[in-house]
1. Applying 1/(1 + (r/R0)^6) with R0 = 35 Å to the Cβ-Cβ distance of residue 131 and residue 159, what FRET efficiency is obtained, to the nearest 0.05?
2. How long is the gain from residue 151 to residue 5 if the chain were fully straight, where each residue apart is worth 0.36 nm and the alpha carbon distance is subtracted?
3. Once you order the gyration tensor axes a ≥ b ≥ c over the Cα atoms, which shape class does region 97-154 get: rounded for a/c under 1.5, otherwise prolate or oblate by comparing a/b with b/c?
4. Mind giving me the nanometre distance, one decimal, between the label points for residue 15 and residue 72, set 7 Å out from Cα along Cα→Cβ?
5. Based on the mean of other Cβ atoms within 10 Å per residue, sort peptides 150-159, 46-55 so the most packed one is first.
6. Give, in nm to one decimal, the length gained when the segment between residue 58 and residue 142 is fully stretched (0.36 nm per residue of separation minus the Cα-Cα distance).
7. Which order do the peptides 138-147, 67-76 come out in when sorted by mean C-beta neighbours inside 10 angstrom, highest first?
Amino acid sequence: MIADILTGFGLLLTVIGAWRAAASVVLKEDDAIAIGVSRYASEVREENLTIPAVQNLLKASKGARQGFCLIAIGTLLQILPIALKLLAVSPAMATDATETQTLYRTSLTDPIIRVHVASFDSNSGSRYNAENCAVAADLFQRQEGVKTRFWCESGRFRK
């Protein structure tokens, strides 16, 4: 839920930022004339800042800076939920390999070969995983016509 809100807000800021930046760097004909026509320039900085061409350039620069900052923030807000998902340890995964239970079966062609069927690695603990593995093994074993044997072992799958 929070990830979706951050992503939506990030996308909104990206759109606003892109619009603001684009609107700021696009010159209107009057602005282009004001910039392109040479004017008498004073040696006093404050007087030069009052020249329309200078004011237009400063305004466009400020708008572009604001727009691109919004794009950056919006993009970061979109990346944040993805990063949180990637960095977070999935609660469905057991943290300790000894808590994991693995369901195996024999092979029809070679009874010595162990075939991996499923892994039970919830974070609810080894007892929970063992019980679910045992139930699954029993259900598989009781199917009509099954000629293989099913069993559970502690730990992750190994050949």
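1. The computed FRET efficiency comes out at 0.90.
2. Contour length minus the Cα-Cα distance gives 48.0 nm.
3. Here region 97-154 falls in the oblate category.
4. 2.4
5. 150-159, 46-55
6. Net length gain for the segment: 22.3 nm.
7. 67-76, 138-147
Taken together, the values in this text are just the output of simple stated rules run on the coordinates, not laboratory data. Treat the numbers as computed from the prediction; the structure is a model and nothing was measured. Because the Cβ atoms are built from the backbone with ideal geometry, glycine has one as well, and the counts that use them run over all protein chains shown.
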